[in-house]
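Report on the following structure.
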Amino acid sequence: MTKITKENYQAYTAINVVAFSYAFAGAMGEGGALYILSASKEMHHINTIKSGLTKEQIWEICPPLKHCEFGIFGKGKIPEGWSMYYLGMGNHFVIKDTYKKEVMPNIDNMEGFEIFLCWKTLICTD
């Protein structure tokens, strides 16, 4: 897993994002955590609170995030062609629809906590 920081973020502005999870500041687990999965199945991590990156810089790394609004209990909006799943306790998972069909075809039958526990191991190589 690659840790993206203020010092190295420019090397990661061309990630082909296919899925990501985002945790609110007060979420269970690491508040502010953003885990980004690339099409090459590489995982990247940024803490959006502690990294020192601006929201614009974070959007350069994860462009779909710019068009997301996460609300309470899974309410919100996401870009067309993506699906959002509420994982519970302030955690959200967003996956590209075309990628979802390929790697997680049963995701719509899973509970949020099940997705939270397994998505990284199901579809990542690192």
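The values are calculated or read from the model by the stated rules, or taken from the named source; none is laboratory data. This structure is a prediction, so every number in the text was calculated from the model and none was measured. Positions of Cβ are backbone-derived with ideal geometry, glycine not excepted, and every protein chain shown enters the neighbour counts. In case anyone asks, the SASA skips ligands and DNA or RNA and just uses the protein heavy atoms, side chains included. Shrake-Rupley method; radii C 1.70, N 1.55, O 1.52, S 1.80 Å.
The share of accessible area on the chain that comes from carbon and sulfur is 53 percent, using a 1.4 angstrom probe. For the peptides 32-40, 16-24, 2-10, residues were scored by their other Cβ atoms within 10 Å and the scores averaged per peptide; the highest-first order is 16-24, 32-40, 2-10.
Projecting the alpha carbon convex hull of the chain along each direction and taking the average yields 7.0 nm².
At a probe radius of 1.4 angstrom, the accessible area of the chain per residue rounds to 55 square angstrom. For the chain, the mean residue ellipticity at 222 nm estimated from helices alone is -5500 deg cm²/dmol, where every DSSP H run of n ≥ 4 contributes -39500 (n - 2.57) and the total is divided by all residues, rounded to the nearest 500. Taking square-rooted eigenvalues a ≥ b ≥ c of the alpha carbon gyration tensor, is segment 1-65 rounded, prolate or oblate, where a/c under 1.5 means rounded and, failing that, a/b exceeding b/c means prolate? It comes out oblate by the Cα gyration axes. Think of segment 15-126 as having a plus end and a minus end, set by charges on the Cβ of Lys, Arg, Asp and Glu; of 85, 53, 118, 53 sits farthest toward the positive end of this dipole.
The length gained by stretching the chain between residue 2 and residue 49 to full extension, at 0.36 nm per residue less their Cα-Cα distance, is 15.2 nm.
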